[in-house]
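Only one structure is covered here, and it is reproduced in the block below.
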Amino acid sequence: MIKILFVCHGNICRSPMAEFILKNIIQKQNLSDHFYISSAATSTEEIWNGMGNPVYPPAKAELAKHGLSCGDKRAVQLKREDYKKYDYLIGMDSANIRNMNRILGGDPEGKIYKLLSFAGSDRDVADPWYTGKFDVTYKDIEIGCNAFFEYMLSRGIVGLTH
């Protein structure tokens, strides 16, 4: 089983969007049984008394526009032990990567990536919490997730079943 964790600042916009976009890509290839995909936050800003906030309504609405549901997903905090649990820890921007390295205690096995690096770009996925452009963020995440899936295919990490 390949374990992937998407990470952003609050785990209410970008990382849950990436989680459900990649789950959809994987499901369309009938490969869901081979993956565990989740998302987490580098901050605790969206977690109150141990309970994470749900996906931000405009992010949830953008997913719904594309036929995707995020169900009852709630924000969770990235933890040091997540480094051992996941094969890929994928951040949305340079600040996420910096914070992931701090929280996880570094990246000795080379598991930490920035999403758009799979698409050959060093660009950050802009945070729609600030930009208000959930459609642009969705497109960037979709590009990154498709490129990540192609990366896994090209390296024989996963094979198509149809």
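What the table below lists for this structure:
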read-out	value
Cα-Cα over 24 Å, subset of LYS60/LYS85; LYS65/LYS85; LYS73/LYS139; LYS28/LYS73; LYS23/LYS73	LYS60/LYS85; LYS65/LYS85
Trypsin sites (Lys or Arg not before Pro) restricted to the stretch 83-162 and DSSP loop, no more than 11 other C-beta within 10 Å	ARG155
With every protein chain in place, the stretch 80-128: carbon and sulfur % of accessible area (1.4 Å)	46 percent
Listed residue (PHE134, CYS13, HIS34) projecting farthest to the positive dipole end of the chain, Cβ model	HIS34
Quotient of Cα Rg and 2.2 N^0.38 Å for the stretch 1-101, N being how many residues it contains	1.03
Relative counts (whole %) of C-alpha pair distances in the stretch 77-138, using bins that are 10 Å wide	22, 48, 27, 4
Dimensionless Rg over Rh [the stretch 34-91; C-alpha; Kirkwood]	1.00
Convex hull per residue volume in Å³, alpha carbons only, for the stretch 113-162	85 Å³
Principal axes of the stretch 1-49: Cα extent on each, largest first, Å	36, 18, 15
Rg/Rh (Cα only; Kirkwood hydrodynamic radius) as it applies to the stretch 18-162	0.94
DSSP bridge orientation in the chain - percent antiparallel, rounded to nearest 5	15 percent
Amide H contacts under 5 Å for VAL7, placed H, 5+ residues apart	ALA40, ILE90, GLY91, MET92
Range in the chain, longest, excluding exposed GluC sites (Glu not before Pro) [loop by DSSP; at most 16 other beta-carbon atoms within 10 Å]	110-162
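The values are calculated or read from the model by the stated rules, or taken from the named source; none is laboratory data. Fair warning: this is a prediction, and the values are worked out from it, not measured in the lab. Ideal geometry is used to build each Cβ from the backbone, glycine not excepted, and the neighbour counts take in all protein chains shown. Heads up: the accessible areas ignore ligands, DNA and RNA and are worked out on the full protein's heavy atoms, side chains in. Shrake-Rupley method; radii C 1.70, N 1.55, O 1.52, S 1.80 Å.
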